[in-house]
Each structure stands twice: as C-alpha cells, then as structure tokens.
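S.K.: One structure, pasted below without further comment.
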Amino acid sequence: MDKNAGVVACTYFGSKARCENITIYNNVVAGAVHAGFIVQGQKCNVKNYKFFNNTAHSIGGKDKGIGAIIVKDKFDKDQDQCYEGSYFNAYKNQQQGVNVIGEGEIIKFHHMTMIDNLKGFSLNVVNKDLEYSDKLLMEASFNKFYGETDSPDCPPNGGFCFKEEKMGVMASISPYKTSPEHPTNQTELPYHKITSESSWSAKVEYKFNEYHNFKYETREKMKQAIFQLSPYSSDFVPEQHHTDSVFKNVDKNAFLHFMNPDSSTANAADCGKFPCTGPLNVLYHFKRSKFIGAED
C-alpha cells in the first residue's frame, strides 16, 4: 500500500528524525493517494513560518485521501503544551481536508478553507494521562467550510464516481491512542479509524467559523450535514462548543446528523442486549450563531 504523501516533512522516519529550518509554502498537491501533506505544526501564538498558503485537492484511494495531516514536532518542547496549523486550503478530497489525532495539551487550527471534502475536517487530541485530561483543548477558529460545489462527484465519462454521504466537520474526540500518520497496512485505515477508548473531559471550542452552502441532499442523492460523528469513534464524545458561527445558505436538515447506534455493539460483555447509545449522547453548544439565507 502507498503510505506516503505528496509532500512529507520530517515525519516519515519516525520519532528519531529531527529537522530544522524547513519552510513549506505556496504549494499545490493534487492526485496523491494517502495524503497531500504530512507535516509538523509549530508552536502556538507566533507567526506561521513553517507551513502556510498550501493547497491539497483530489487526494484519494481506498480508505485514503486526506488533504493534510499536521502533527506535533516532538523536538520542540513548546509544542508539548500547544501546537497549531494554519493558512491551508483543501478541496474535493476523499477523506478530510485536514485531520489530526495529535499529541500535546492544546491543538489549534485556524484560518483554513475546506471545500467539499467527503469527510469534512477533523481535529482530535490524544489523552495520554487521565489525571490531566481536563487541560486538553481542541480549538478551531476563523475557518471557512463549504458544502458541495459545482464540480461533480460523478462526471459524465469522467472515469470515476463517488456516491457517499458528506459532512463538514467530524466531531472532535480525545482518544487514549493515536493512529499512525504513515500507515503500514490496510487495517490502520482510514486514518480516523480510532480503535481506543476516549475521554469526555477534553474541551472542544470552535470560534468565529463560517459554514457555506450545505444542502441536505447531494447531487447524487446522498445525505449531507455539517456536523456529524465518526463511525469509528468511541462512545465518549466531549461536549462540542461553537461560538460566533456564521451559517450561510444551510438547509435546516443539513445542520447536524447523529448516526444510529451500531447494532454490532449489542453484546453481553459490553452493553447487554442493546447497542451502545453513545452516538446519541453527544452535546453540542451553539452561542451567538448567525444564519444568512438559511431555510426556515
């Protein structure tokens, strides 16, 4: 299998690889398989100098297709507390435009533009120490998310066709283990296939984000909603806080969708005769939201 990305910066050779003075900017990656970019983030609250103004589109393969995976630089001790990624664009990718299951107490993604990515956008932080899990924070701010575009998923005589449900933002979680950004076998895919338990206590904050042009049904008659859960995530999903959001031309039925509990979880060792109802026990908070052109 292809575990490489279009552009890989100091992640391929594992934790022993140390890189300095690498700057990646103003690049476009298209047609890669696993990911467009796999790069390191930078410490928080400084001007972006490592990875900015890059774009990934049309990335995909079987259970693959992420625009960018942005991970912590393990040699930058400041990133143990907080790291971030910013100023990135992704469109028409078969998984997320951006995804991370990152290590560090705080992860911030901001000033990104996500357009018509099948599985939206996903920001998650690993909970390595239960004692300090209330310090964990996933923050996304000043991003723009767009639903289905005029570019067809099944073009006439195009040689491909993707008839799948779509989302804008996958709910953030705080699992005890991460997924490898460079998978070595098919069982580790898709990247958001997190098999460990998770924590409720991590904080999730989305601030000053915009959501545009989400219709309930795609051109191929598939379901589309902005906010959804990962079908692989733990039943423990932290509260999702959204503040000062703008929703423009969003159908009322394309706002949020909860999947039905998986019937395969009905077993004596776990939930008894009934499937685990975790997918229905998720709390979203919205404050000071603004709706423009939305369906009543």
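The values are calculated or read from the model by the stated rules, or taken from the named source; none is laboratory data. Remember, predicted model here, so these are calculated numbers, not experimental data. So basically every Cβ, Gly included, is an ideal-geometry build from the backbone, and we count neighbours across all protein chains shown.
S.K.: Of the conditions (1) surrounded by fewer than 19 Cβ atoms within 10 Å (Cβ to Cβ); (2) touching a Ser or Thr at 6+ places or on another chain (Cβ under 6 Å); (3) within 20 Å of K62 (Cα to Cα), P180 fails just one. Which one is it?
M.R.: So P180 meets the others, but not (2).
S.K.: Which of (1) touching a Ser or Thr at 6+ places or on another chain (Cβ under 9 Å); (2) touching a residue at least 12 places away in the same chain (Cβ under 8 Å); (3) surrounded by fewer than 21 Cβ atoms within 10 Å (Cβ to Cβ) is the odd one out, the single condition Y12 does not satisfy?
M.R.: The one condition Y12 does not meet is (1).
S.K.: If you don't mind, another one. Just one of N213, N249 is over 25 Å from G60 (Cα atoms), among the polar types (S, T, N, Q) and not in a loop (DSSP other than H, G, I, E, B); which is it?
M.R.: Every option except N249 fails the conditions.
S.K.: Additional query: Determine, yes or no, whether A268 is closer than 28 Å to T149 by Cα, out of contact with any His (no Cβ under 9 Å at 6 or more places or on another chain) and either at pLDDT below 95 or exposed (fewer than 11 other Cβ atoms within 10 Å of the Cβ) (or both).
M.R.: No; evaluated as a whole, the condition is false for this residue.
S.K.: Could you grab me the full set of residues in region 271-296 that are under 24 Å from the mean Cα position of the chain (by Cα) and either modelled with pLDDT of 90 or more or part of a helix (DSSP H, G or I) (or both)?
M.R.: Selection gives G278, P279, L280, L283, Y284, H285, F286, K287, R288, S289, K290, F291.
S.K.: Separate question: Return the residue satisfying two criteria in turn: it lies in region 215-264 and is among the aromatic types (F, W, Y) and more than 29 Å from C161 (Cβ to Cβ), and of such residues it is surrounded by the fewest Cβ atoms within 10 Å (Cβ to Cβ).
M.R.: F236
S.K.: Moving to a separate point now. Show me the strands (runs of 3 or more DSSP E) found entirely inside region 27-113 where at least 1 residues are under 25 Å from K16 (Cα atoms) and not hydroxyl-bearing (S, T, Y).
M.R.: Working: elements: 28-30, 35-40, 54-57, 66-71, 82-86, 88-91, 98-102, 106-110.
In region 27-113, the matching strands (runs of 3 or more DSSP E) lie at 35-40, 66-71, 82-86, 98-102, 106-110.
S.K.: Working only within region 115-136, note down all residues that are buried (at least 24 other Cβ atoms within 10 Å of the Cβ) and in a strand (DSSP E or B).
M.R.: S122, L123, N124, V125
Per-residue answers, yes or no, for (1) modelled with pLDDT under 95; (2) hydroxyl-bearing (S, T, Y); (3) surrounded by fewer than 18 Cβ atoms within 10 Å (Cβ to Cβ); (4) closer than 28 Å to T218 by Cα:
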| position | (1), (2), (3), (4) |
| --- | --- |
| K62 | yes, no, yes, yes |
| F75 | yes, no, yes, no |
| G97 | no, no, no, yes |
| G104 | yes, no, no, no |
| H111 | no, no, yes, yes |
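S.K.: Could I ask something else about it? Considering (1) surrounded by fewer than 23 Cβ atoms within 10 Å (Cβ to Cβ); (2) more than 24 Å from K64 (Cβ to Cβ); (3) not polar (S, T, N, Q), say which one D153 fails and leave the rest.
M.R.: Answer for D153: the failing condition is (2).
S.K.: Quick one: which of S196, S234 is in contact with a strand residue (DSSP E or B) (Cβ under 9 Å, 6 or more places away or on another chain) and either modelled with pLDDT of 90 or more or under 30 Å from V7 (Cα atoms) (or both)?
M.R.: S196
S.K.: Then there is this: Residues that are part of a loop (DSSP other than H, G, I, E, B), of a type in the set (S, T, Y) and over 30 Å from D251 (Cα atoms): does region 197-204 have at least one?
M.R.: Taking every residue of region 197-204 in turn, at least one turns out to be part of a loop (DSSP other than H, G, I, E, B), of a type in the set (S, T, Y) and over 30 Å from D251 (Cα atoms).
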